[in-house]
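Asker: The structure that follows is given in the form of structure tokens.
Only the coordinates and a few stated rules stand behind these numbers; no lab work does. Please read all numbers here as calculations on a predicted model, not as lab measurements. Using ideal geometry, Cβ is built from the backbone for each residue, glycine included, and neighbour counts are taken over all protein chains shown.
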Amino acid sequence: MALFFYFEILLVFICFLLWSLHNKRGVPWNWPLLGMLPNLSFHIHRIHDRCVEMFDQTDGTFLFKGPWFANMDMLTTVDPANVHHIMSANFSNFPKGSEFMKIFQVLGDGIFNSDSELWKNQRKIARGLINHQRFYRFLARTVRDKVEKGLIPILDHVSEQGTVIDMQDVFQRLTFDSTCILVTGYDPGCLSIELPDVPFSKAMDDAEEAMFMRHFVPESLWKLERWLGIGQEKKLSRAWTTLDNTIAKYISMKQEELRKNSKPTKEEDGIDLLTSYIHEDYEIMGLKSSDDKFLRDSILNLMIAGRDTTSSALTWFLWLVSTHPEVQFKIREEIKSVFPSKEVENSNQFNIEELRKLTYLHAAISESLRLYPPVPFQHKAPLQPDILPSGHYVHPRMKIMFPLYAMGRMASIWGKDCREFRPERWISDSGTVRHEPSYKFLAFNAGPRTCLGKEVAFIQMKAVAVSILLNYTVEIVEGHSVSPNVSIILYMKHGLKVRVTKRCV
Ligand code: HEM
């Protein structure tokens, strides 16, 4: 009898556990000892949509309780007032924090992974180099070359063969090559018809995945994995070695090149960032920008910044545009009106000024970034206790997390049609691009740590979009499933499988 009683209790417990794990409505159940981790773990494969479901049921901010032993409590918020307070108004109280540094350890002391004076000085230098005219000249030449000699031949080839191609893979290759050229001056040659395996690129993918998983696993557990050399941590340590070796090779090649050639390159051709760092030899808090460790961290951080974000944005954009013919039509009409007719026939010969005139294309890319932000989560840690505009109390042992994918899907922020792809929401009454405050549209971050490459990214994305949309019709393979993956960059889980057909311009 007693056995039967215990069995009944166990059955009720299991039913409750299953219900709470499956529960898609509202905030997850807070278990004794385990906190909300069981529900999170159960839904981790669809974490972005789970966040949307949760925030639909809250007033924009809620406290995620981790297991009692794991120091994983996290205040999650999609409230623009909180974002503004943390990212701008009270910026100095919200550094990235030591937790961030531990998770992203592979990035060393680079711009992404540093706070206070070290970050401030690095940002000043990086901003000066990225915004310089000679870098823009280099950008224009690099993107033109990659489109003409890399992208177009591949698309022509698959169009002639009638084969299926994964455009996510193509974009990753394109932005990997172009970012590597912009940062180091060297072309790793990822984007070619043979679609070669490039260990440097694979190492970046593996490192990113492992860094993402560290967010959701107690620190003691990932440290144990690292010590045992198993799982994600094993992948990370292999990737780390590949990254170090490849970057060291680029640095020594560049130093050798500059030794032979004291003047870096012709100014009018523009200059890569590694050359500028070595040549200018800046000094930051006793560190010289020409030292190998400084160069290694700067290269890796800039590669991470530019490569994946831009290819993720291009992938979601192409999918959205291919599934919205009315948007595609308007973009094509705009391109024809901006480019002189002879140039439309050879649409790879754009210049930056022409690309800047493409307002509707700009709006369509922004709309795609709103729904599919390439960096889907960002987090901060308070130095001192504080009360957020939403009334929530935060303290130094707590992380604050912004789920950007959910932020782009909140009716309270974007209106009832927030789930629709509607570029028109970005066009003002006077026909220019509507400015949305960054604490609402957080894709490029906000406040003093706003992305330094926003303009660079828009130029690349527009150049690629113009070349593809004018020259080809893109059809998504029937039945291909599109959903976001789980990593620090929002990619498509199964890639973007398409067929392309050459158009008569
Ligand atoms: C669609 C493309 C891009 C998106 C969505 C994007 C987004 C972001 C975001 C969210 C951050 C803040 C990250 C954090 O603090 O953890 C960031 C920072 C940064 N981005 Fe971008 N980015 C893009 C392209 C680029 C490109 C092409 C470059 C380089 C040329 C670049 C350079 C940087 C740098 C240097 C930072 C660090 C700023 C700082 O911490 O002060 N980004 N970006």
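Asker: Any idea which of 85, 461, 30 is furthest toward the positive side of the dipole for the chain, if Lys and Arg beta-carbons carry +1 and Asp and Glu beta-carbons -1?
Answerer: Working it through, the farthest residue towards the positive pole turns out to be 85.
Asker: Take every Cα pair under 8 Å in the chain that's 6+ residues apart, average their separations, divide by the length, and report that relative contact order as a whole percent.
Answerer: Working: 749 pairs, mean separation 113.7, N = 505.
About 23 percent, as a whole number.
Asker: List 504, 51, 180 from most exposed to least, where exposure is judged by having the fewest other Cβ atoms within 10 Å.
Answerer: Sorted ascending by nearby Cβ count, the order is 504, 51, 180.
Asker: Continuing with this model, one more query. When the dipole is taken about the Cα centre of the chain, and only Lys, Arg (+1) and Asp, Glu (-1) are charged at their Cβ, what size is it in debye, to the nearest 20?
Answerer: Working: 60 positive and 59 negative charges, 73 e Å.
Here the size comes out at about 360 debye.
Asker: Putting +1 on Lys and Arg Cβ atoms and -1 on Asp and Glu Cβ atoms, find which of 163, 377, 474 reaches farthest to the positive end of the dipole of region 70-502.
Answerer: With unit charges placed on the Cβ atoms, the residue in question is 377.
Asker: Now for a separate question. Residue by residue, what Karplus-based ³J(HN,Hα) values in Hz, rounded to whole numbers, does region 463-477 have, using 6.51, -1.76 and 1.60 with θ = phi - 60° and x for Gly and Pro?
Answerer: For region 463-477, the Karplus-derived couplings read 4, 5, 4, 4, 4, 6, 5, 7, 8, 9, 9, 10, 10, 6, 4 Hz, x marking Gly and Pro.
Asker: Please list 3J(HN,Hα) in residue order for region 181-198, calculated via the Karplus relation 6.51 cos²θ - 1.76 cosθ + 1.60 where θ = phi - 60°; whole Hz, with x for glycine and proline.
Answerer: Calculated HN-Hα couplings, in order: 5, 4, 7, 10, x, 10, 9, x, x, 6, 8, 9, 4, 6, 6, x, 6, 10 Hz.
Asker: Any idea what the alpha-carbon Rg over 2.2 N^0.38 Å comes to for the chain?
Answerer: In units of the globular-protein estimate, the chain measures up at 1.02.
Asker: If you don't mind, there's one more thing I want to ask. For region 408-459, what does the alpha-carbon gyration tensor say about shape, rounded, prolate or oblate, given a ≥ b ≥ c as the root eigenvalues, a/c under 1.5 as rounded, and a/b over b/c as prolate? Present the calculation step by step, with values, prior to reporting the outcome.
Answerer: Working: a/c = 2.04, a/b = 1.34, b/c = 1.52.
Oblate shape, in that a/c is at least 1.5 and b/c is the bigger or equal ratio.
Asker: Here's a follow-up. Per residue of region 75-90, in order, report the coupling 6.51 cos²θ - 1.76 cosθ + 1.60 (Karplus, θ = phi - 60°) as ³J(HN,Hα) in whole Hz, putting x for Gly and Pro.
Answerer: Once θ is set to phi - 60°, the couplings for region 75-90 become 8, 9, 8, 10, 7, x, 5, 5, 4, 4, 4, 6, 7, 10, 4, 10 Hz.
Asker: Can I ask one more? Run lengths n ≥ 4 of DSSP H only: what is the helix-derived mean residue ellipticity at 222 nm for the chain, with -39500 (n - 2.57) per run over all residues, to the nearest 500? Please list the in-between numbers first.
Answerer: Details: 21 runs with 264 residues, N = 505.
That comes out to -16500 deg cm²/dmol.
Asker: Once the cut-off is 24 Å, how many percent of the Cα-Cα pairs in region 150-252 end up in the long-distance tail?
Answerer: 39 percent
Asker: Given H placed 1.01 Å from N in the peptide plane, which residues other than close sequence neighbours of residue 427 have an amide H under 5 Å from its amide H?
Answerer: Amide H neighbours of residue 427, under 5 Å, 5+ apart: 434.
Asker: Skipping prolines and chain starts, which residues have an amide H placed within reach, meaning under 5 Å, of the one on residue 377, given they are 5 or more residues away or on another chain?
Answerer: Long-range HN contacts for residue 377: 404.
Asker: Going by average Cβ density within 10 Å per residue, which order do the peptides 367-375, 476-484, 225-233 take, highest to lowest?
Answerer: 367-375, 225-233, 476-484
Asker: What pairs in 102/380; 120/235; 65/399; 293/399; 357/493; 254/454 have C-alpha atoms more than 22 Å from each other?
Answerer: Checking Cα-Cα distances, 120/235; 293/399; 357/493; 254/454 exceed 22 Å.
Asker: What residues have an amide H closer than 5 Å to that of residue 472, excluding those fewer than 5 places away on the same chain, when H is modeled at 1.01 Å from N in the peptide plane?
Answerer: Correct list: 503.
Asker: Fewest first, what order do 417, 205 take by the number of other Cβ atoms within 10 Å?
Answerer: Going from least to most buried by this count: 417, 205.
Asker: Where does each of 291-300, 431-440, 245-254 land if you order them by average Cβ count within 10 Å, highest first?
Answerer: In decreasing order of mean packing, 291-300, 431-440, 245-254 become 291-300, 245-254, 431-440.
Asker: Still on this structure, please answer the following. Could you line up 383, 37 from fewest to most neighbouring Cβ atoms inside 10 Å?
Answerer: 383, 37
Asker: Over region 298-410, what is the mean sequence separation of C-alpha contacts under 8 Å (at least six apart), divided by residue count, expressed as relative contact order in percent?
Answerer: Dividing the mean separation by the residue count of region 298-410 yields 24 percent.
Asker: Can you find, among 231, 140, 48, the residue farthest towards the positive end of the dipole of the chain? Put +1 on the C-beta of Lys and Arg, -1 on that of Asp and Glu.
Answerer: Final value for the positive-end residue is 48.
Asker: Turning to a different aspect of this structure: Tell me, how many Å apart are the Cα centres for region 180-201 and for region 346-424?
Answerer: 29 Å
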